[in-house]
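This report concerns only the one structure given below.
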Amino acid sequence: MFWGLYRRSTALLAAVLIASLSSLASYAFDAGRVEPSVYKIYTFIPQKNDQYSVSSGTGFLVSGRRYVVTNFHVIEGGARFYVAFRSGREAKLVEARRVDSRPNVDLALLEAREDLPGEALKLGEYEPDKLTDVVAIGFPGAANLNKDLVPGADAQGVPLTDLDSTVTSGVVSRMTFTNLKVSESQTLSVRTVQHNAAINPGNSGGPLFDACGVVVGVNTLQGLNSQGLFFSVHAAEVGRFLRAVQIAYDSTARPCTGGGGSSFVPLAVGLTAALALAAAAFMLRTNRAPSWLRNAVPKALAELAAPKAAGAKGKGQQRAQAVLDAGSPATLSLRPVAGGTTIHLDDTGRPATIGRGPGADITVVSDTVSKVHARLAFDRAGQRIRITDLGSSNGTYLNGGRITEAEASPGTLLRLGALEFTIVREKTPAASAAAAAGAGSGWMLSGFDPSGRALQFELRPAAHPASGRDVPATWTFGRDPNRADYVIDDSSVSSLHAQLMFNPGEALMLRDMGSMNGTRLDGESIGARAVTLSDTGHEIAFGLATLRLSRLTG
């Protein structure tokens, strides 16, 4: 009997140790898994006499096998771009084209001419807490750039050692909003991660990872005359950029639970638990255990071993089920006190920024609201909103009290500067608009381009296969048939000019996509704002092409 108990105790101890080691392994950042998706970027800038100057930076794979994100300043002024990486024991260059760029957030997207190694990296569209572990990967050391490098796919002049990436680690210092004039032609207005993982010239455009290997930032700036002050463009800015150019990507709104703290902790806890269990087993075998232990251990083991009874729910599950059974609305919204369009929050948990500038996810019109004023995150389970002020000039207030960060529930009065909202619980737009927006409804844009050619575009949302209701849709307009859903073949129209966005139960939204000649609504330029449209009658001008919006039925 004793040896049987001994063997069972030993097996239990081994199982706990293995579980502890597995937990320990989850804390270790796996650089080898993500390094193949990080590349050196060479930019060839035209000079006099048909010569080129060469600069370099870093980029990473963000979608498919060819789309690479980097900093705008890495490719600024370039005529030709190359993605460089190690292929076995050789260096390889793959030419790329610039898809699009955003100088104000220092981001650019390249498309390689052929498939690249590695896999598309996931974006972490959450805001990491202070002291979150982060890792920077890139190719610092532009001074080592080989001066004989010439454009071409044979990687002439690229030492293999130049393509061995550098890895540095640190922690998040804080989240901040950077508003900085970096050159005569570029002013940054962007959400950034401040951290102390060393980055240097050449790291620009490279990924900043959390402990789970998820990209939380794009390494961009080093603080002048300082130590340990580095800034990375937040991954949510990358996601917004990719959505604007219609590039699919993978992301998560959940913080990494594998980092932040010593990896010794889970092992120590596991060892302690294993020793305690072994001691308890010995006392039970020798009848030295107190009565509470003799009663508690069998009960605990039975609860661990027995599967949950069908239909049994914990308190949290019961609460969530009660909400569903009662038909409670699934989302919280911001209803303007002065009237206007209600803002429905994303119920996936993905945070959204609100402000008056182009860098905000939710754009509002008020001079008292900062360009990027606050961050909102909807907690569906708790039916509340976590609101964080982002250093706004005129403040964020809940029921009259100024806050830096706080949670708000339905009925709370939220004020951004002088703009007031009531937080309300509402049904999702898709559910509340089921009768108003039937399948097959849509809009018509019709008019003429500058040469007099007739233009006519039908905008019909797709129908959900189960419910038959309209689903959200986005339609893009531009001159390039490879990038725009609807083509306007005129030189006044940019390759990707503007987009119209539809959500069931809401009015259409119009947004310019950084076009050269702008987008006008009823004769007025909309700038970089997203504006709300009425059902019919609006006149929309893409460059010099003017079209009128009307409603389709049937």
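Output the residues belonging to the stretch 178-204 that are under 16 Å from the mean Cα position of the chain (by Cα) and touching a residue at least 60 places away in the same chain (Cβ under 8 Å).
Those that are under 16 Å from the mean Cα position of the chain (by Cα) and touching a residue at least 60 places away in the same chain (Cβ under 8 Å): 190, 191, 193.
With the requirement that a residue be over 18 Å from residue 363 (Cα atoms) and among the aromatic types (Phe, Trp, Tyr), what does the stretch 228-249 give you?
230, 231, 249
So, in the stretch 519-551, exactly how many residues are crowded, with 16+ Cβ neighbours inside 10 Å, assigned to a loop (DSSP other than H, G, I, E, B) and β-branched (Val, Ile, Thr)?
1
Need pairs with beta-carbon distance below 6 Å; first residue under 15 Å from residue 423 (Cβ atoms) and within the stretch 361-382, second surrounded by fewer than 16 Cβ atoms within 10 Å (Cβ to Cβ) and not hydroxyl-bearing (Ser, Thr, Tyr); sequence gap 6+ or separate chains.
Pairs that qualify, where the first residue is under 15 Å from residue 423 (Cβ atoms) and the partner is surrounded by fewer than 16 Cβ atoms within 10 Å (Cβ to Cβ) and not hydroxyl-bearing (Ser, Thr, Tyr), are 377/386; 378/347; 380/347.
Assuming residue 475 fulfils every condition listed in (1) more than 23 Å from residue 241 (Cα to Cα); (2) in contact with a Phe, Trp or Tyr (Cβ under 7 Å, 6 or more places away or on another chain) apart from one, which condition is it?
Answer for residue 475: the failing condition is (1).
What are the residue pairs meeting all of these: first residue in the stretch 240-258, first residue farther than 22 Å from residue 372 by Cα, second residue open to solvent by 30 Å² or more (accessible area, probe 1.4 Å) and part of a helix (DSSP H, G or I), Cβ atoms under 7 Å, and 6 or more apart or on different chains?
258/26; 258/27
For the stretch 481-493, which residues satisfy the criterion of being open to solvent by less than 40 Å² (accessible area, probe 1.4 Å) and either touching a strand residue (DSSP E or B) at 6+ places or on another chain (Cβ under 6 Å) or aromatic (Phe, Trp, Tyr) (or both)? First the steps, then the outcome.
First pass over the stretch 481-493, keeping only residues open to solvent by less than 40 Å² (accessible area, probe 1.4 Å): 484, 488, 490, 492-493.
Within the stretch 481-493, 484, 488, 490, 493 qualify.
Any idea how many residues of the stretch 469-483 are more than 13 Å from residue 515 (Cα to Cα) and out of contact with any Asp or Glu (no Cβ under 7 Å at 6 or more places or on another chain)?
So the count comes out to 9.
With the structure loaded, tell me whether residue 158 is crowded, with 19+ Cβ neighbours inside 10 Å, modelled with pLDDT under 80 and not polar (S, T, N, Q) or whether it fails that test.
Yes, satisfied.
Scan the stretch 503-518 for residues that are touching a strand residue (DSSP E or B) at 6+ places or on another chain (Cβ under 9 Å) and in a loop (DSSP other than H, G, I, E, B) and jot them down.
503, 504, 505, 506, 507, 508, 513, 514, 515, 517, 518
Yes or no, residue by residue, for (1) without any contact (Cβ under 8 Å) to a residue 12 or more places away in the chain; (2) open to solvent by less than 10 Å² (accessible area, probe 1.4 Å); (3) in a strand (DSSP E or B); (4) under 19 Å from residue 186 (Cβ atoms):
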position: 59; (1), (2), (3), (4): no, yes, yes, yes
position: 62; (1), (2), (3), (4): no, yes, yes, no
position: 69; (1), (2), (3), (4): no, yes, yes, yes
position: 78; (1), (2), (3), (4): no, no, no, yes
position: 84; (1), (2), (3), (4): no, yes, yes, no
position: 93; (1), (2), (3), (4): no, yes, yes, no
position: 97; (1), (2), (3), (4): no, no, yes, no
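From (1) open to solvent by less than 30 Å² (accessible area, probe 1.4 Å); (2) at positive phi; (3) modelled with pLDDT of 90 or more, pick out the condition that doesn't hold for residue 421.
That leaves (2) as the condition not met.
Specify which of the listed residues (445, 500, 496) is part of a loop (DSSP other than H, G, I, E, B), surrounded by 19 or more Cβ atoms within 10 Å (Cβ to Cβ) and at pLDDT 85 or above.
496
The values are calculated or read from the model by the stated rules, or taken from the named source; none is laboratory data. As the structure is a computational prediction, the values presented were derived from the model and not from experiment. All Cβ positions, even for glycine, are placed from backbone atoms using ideal geometry, and neighbour counts span all protein chains on display. For the accessible areas, the whole protein counts, side chains as well, though only heavy atoms, and no ligand, DNA or RNA atoms are used. Shrake-Rupley method; radii C 1.70, N 1.55, O 1.52, S 1.80 Å.
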